[in-house]
Amino acid sequence: MNSIKFLPLPISTSAKYLLTDSRTLAFPSESIFFAIKGTRNDGHQYIQELYLKGVREFVIEYNACSEVFLNLIATFENCKFWQVENAILCLQSLVTSHRNNYDIPVIGITGSNGKTIVKEWLAQLLNQKYIIVKSPKSYNSQIGVPLSVWQINKTHTLGIFEAGISQPGEMQYLEKVIRPTIGIFTNIGTAHDQFFENKITKINEKLLLFKNVEILIYCSDNLEIDRAVKIYMANHNPNCQLLEWSFGSNSKICFKIENGLNAVFLNYTFSGDNFQLQIYHNDLASIENLCHCIVLMKYLNFSWNEVQKGIKLLKPVSMRLELKNGINNSYLIDDSYNNDMAGLKLALDFMLQQKQHKIKIVILSDLLQSSDIEVELYKEIAALIDFNGVTLFIGIGRKMISNADKFPQNALFFATTDTFIDSIKNINFANSIILVKGARTFSFEKIVNALQLKTHETVLEINLDALTHNLNYFKSKIGNSTRIMAMVKAFAYGAGNLEVAHLLQFQKTDYLGVAYTDEGVYLRENGINLPIMVMNPNVSDYEKIIEFSLEPELYSLNKIASFCAFMEGQSGIAKIHVKLDTGMHRLGIQIFELELLINSLLSNPNIIVASIFSHLAASEATQFDHFTLQQIELFNEMANKISTAIGYSPLRHILNTAGISRFSDQKMDMVRLGVGLYGVGNTAEDLTELQTVGTLKTQISQVKLLEKGESVGYGRKGNIDKPTKVATIAIGYADGYDRRFGNGTGNVLINGVLCPTIGNICMDMAMIDVTKANANEGDEVIVFGKNPTIYSLAKQINTIPYEILTNVGERVKRVFFKE
Ligand SMILES: *Cc1c(COP(=O)(O)O)cnc(C)c1O
């Protein structure tokens, strides 16, 4: 047996790409992989796969190196290995020394909210004078920060990086990696409070980022922050210049908001310098973010003229990558807000996850902000396009045209967005997945508009990041040794089964569960190859079950008998799932039927029991915990009998979402995760940790002022007893807005104000009393999401969140996005 020679530290590598997630591999021979063993995932599992794909440099952790693993990697040829205590720390120290090679101003931003917006706005504002490197999206974690800082090269003249922490002890490492010379402290909120002793400890932990900065910008209106900053800086960085600002009058720099007739102004005063800027935001959070930017621009000697010009041109920051339905049965990935190399890689990764269609089209504009030597940059893009198996590449812009020779023969090029739009009718976009990604100035939203399927104004937005977060939350509850079957029945609880299934497949979920055969067939026909259990197969479906490699749940002796009979005529082997009734009394085999069940299984060797399971009737209810434990006991007894009799041990599972949260020690071999994935939980911990996945939105179609004595809607149910402003919104009971929400029972959010319904809900519309809101035609209406929540809607009409989720009508478009 070969033995491995581990290389000494520090790491010396010529790799261009740092890889921490095997799924994002793009240039194997130029990548170094850091295998990270986390609570949910273990990077060491993917080393062989990466080796086979051509990766040759690996950093591995001592605690993940079993003898079997070491023997395996000893067979790898021409590889370099480093063995370390902690791969994340090692990654950080590699990037720290990279950072130390560059002597440029670096802005470090931290705080609870606003980090990403301030970073993106600064990038837009300072772009006039600097060549900027910045964190992609909100890459601000222990891994995200080093990956961001690694991008610095000799052409950059300014860095902007954000740092986020969730626990004590993390910031010191991020400080070393970023080593900011300029600090911005945005503000402090309540996120992650549970990990910190108190607010001051949290502020102090964040302030560690500013240990070595030369200037620090913050808002002094929060007295706690102000005091903490002054004490900390006096003790640890007394030479730092504090540029604190305030909306009041007792600070060095004062801002005052002034509402004009049709415009908002911001008055700035700093030691005799006065200036009035026109601004284009009127919510306090945005203005606060803007003030940080203005103070910094003045510090960097931008003239008022330049500041004003920059603010006028600020574009909204959308980090979102949206997945939409396109024309001719295509899918559209809309990333039309920015275009840089890091963002392109992320978007292509996302495209790779979408297996709905084989034809992949990329529409890309010139990269404006990047500074790399142009030829190299376009070569790299072409290589990425090639690596990701893109079928058709479309480049838009002058730089694209002059670098056309680097792209495949069939690539198309256009000088401007408009000339491309004129040619859309000549290009075949059918049955493809199209990535649209361009720098702001190219106005690619016009392309998105031309290629997207026109939507009914009511949409259900699905946050794919929140879905992943929720999946990981439950994964961390059950650990590595228990599998997850994700329930995607009922159109994935209304969220859209195909897109959700693709995400689950990408996340390497073990099993999917659907209610009916057709749901399983649909997933198979659209690129899903995970094992799928069908809970309610009909006898007439068996043919399809086998054809599409689905696995039936058999819940009665009759079903077992009919499936055995069907299988007698088949050549292969079929996997089935046996459902036991332990007290729910819905579907399932009862204890007195076990003998007959076992006889059938023994006499049909071409049927394999993949799992034995049962369903809890009241896993969410404390008062029935005794009953739940009885169910579990009966289940174990029955499952033991079956396993003993058939001579092998199928997987066992009994927990649903509430079960996972409340009885995690009964996790067995697998759990069946349903509603929790979609953001609905039970315990106090669930409620704080789970993120909102779905937001149901519509629009105001019309607004009217009504006088006392008039009435609203069918049956004249909505009585007007004082002057009232009424808005008609484009959602009704046919879209899932239940009739029971009518006559003031339900409310919707309009411009930040909860407004009650008035009168009966109609089939396609509802009327809302908007007297208290500033409501106009075309305004957005939130039916549910972060506020109001699904829980509150369920309570209003005396039902459960499941029903609110699954009621959202088929005709409501689903829009999927990533932050
Ligand atoms: C729907 C379903 C689940 C998931 O239940 P949740 O409460 O949504 O987690 C689990 N098991 C079976 C048999 C189901 O039908």
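The values are calculated or read from the model by the stated rules, or taken from the named source; none is laboratory data. Treat the numbers as computed from the prediction; the structure is a model and nothing was measured. Glycine gets a Cβ as well: all are built from the backbone with ideal geometry, and neighbour counts include every protein chain shown. We work out accessible area using only protein heavy atoms, side chains counted, and drop any ligands, DNA or RNA first. Shrake-Rupley method; radii C 1.70, N 1.55, O 1.52, S 1.80 Å.
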Quiz item: Taking region 89-117, which residues are at pLDDT 95 or above and over 30 Å from V59 (Cα atoms)?
Solution: P105
Quiz prompt | Only one of R524, R483 that is among the charged types (D, E, K, R), open to solvent by 30 Å² or more (accessible area, probe 1.4 Å) and more than 16 Å from the ligand (Cβ to nearest atom) | solution = R524
Self-check item: Any chance D735 is among the charged types (D, E, K, R) and either under 26 Å from L690 (Cα atoms) or under 31 Å from the mean Cα position of the chain (by Cα) (or both)
Solution: yes
Quiz item: Of the conditions (1) modelled with pLDDT of 95 or more; (2) out of contact with any Lys or Arg (no Cβ under 7 Å at 6 or more places or on another chain); (3) within 16 Å of the ligand (Cβ to nearest atom), S614 fails just one. Which one is it?
Solution: (2)
Quiz item: Restricting the first residue to region 459-480 and requiring it to be under 25 Å from K37 (Cβ atoms), which pairs with a second residue that is part of a strand (DSSP E or B) and basic (K, R) meet a Cβ separation below 8 Å and a spacing of at least six or different chains?
Solution: D465/K818
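Yes/no per residue for (1) at pLDDT 95 or above; (2) surrounded by 21 or more Cβ atoms within 10 Å (Cβ to Cβ); (3) on the phi > 0 side of the Ramachandran plot:
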residue	(1), (2), (3)
V436	no, yes, no
I447	no, yes, no
L451	no, yes, no
T455	no, no, no
V459	no, no, no
N470	yes, yes, no
I478	no, no, no
Q507	no, no, no
Quiz item: If you take the residues of region 55-71 that are at pLDDT below 90 and among the polar types (S, T, N, Q), which of them is most open to solvent (accessible area, probe 1.4 Å)?
Solution: N63
Quiz item: For A501, all conditions in the list (1) among the small types (G, A, S); (2) within 16 Å of the ligand (Cβ to nearest atom); (3) without any contact (Cβ under 8 Å) to a residue 60 or more places away in the chain; (4) open to solvent by 10 Å² or more (accessible area, probe 1.4 Å) hold save one; what is the number of the exception?
Solution: (4)
Quiz item: Can you name every residue in region 652-688 that is part of a strand (DSSP E or B), out of contact with any His (no Cβ under 8 Å at 6 or more places or on another chain) and either away from the ligand (no atom under 14 Å from the Cβ) or within 19 Å of A492 (Cα to Cα) (or both)?
Solution: L673
Quiz item: Would region 548-564 turn up any residue that is within 24 Å of N526 (Cβ to Cβ), part of a strand (DSSP E or B), touching a Phe, Trp or Tyr at 6+ places or on another chain (Cβ under 7 Å) and touching a residue at least 40 places away in the same chain (Cβ under 8 Å)?
Solution: no
Exercise. Among the strands (runs of 3 or more DSSP E) lying completely within region 140-247, list those that include at least 1 residues that are of a type in the set (S, T, Y) and out of contact with any Pro (no Cβ under 8 Å at 6 or more places or on another chain).
Key: 215-219, 241-246
Self-check item: Tabulated pairs, region 21-34, first more than 13 Å from I60 (Cα to Cα), second β-branched (V, I, T), C-beta under 8 angstrom, 6+ apart or interchain
Solution: L25/V55; P28/V55; S29/V55; S31/V55
Exercise. Could you grab me the full set of residues in region 140-158 that are open to solvent by 10 Å² or more (accessible area, probe 1.4 Å) and either in contact (Cβ under 8 Å) with a residue 60 or more places away in the chain or of a type in the set (A, V, I, L, M, F, W, C) (or both)?
Key: I143, L147, W150, Q151, N153, T155, H156
Practice problem: Report, by residue number, each residue of region 771-803 that is within 16 Å of the ligand (Cβ to nearest atom) and open to solvent by 10 Å² or more (accessible area, probe 1.4 Å). | Solution: I790, Y791, T799, I800, P801, Y802, E803
Practice problem: Run down D42, D103, D21 and say which single residue is acidic (D, E) and over 28 Å from the mean Cα position of the chain (by Cα). | Solution: D103
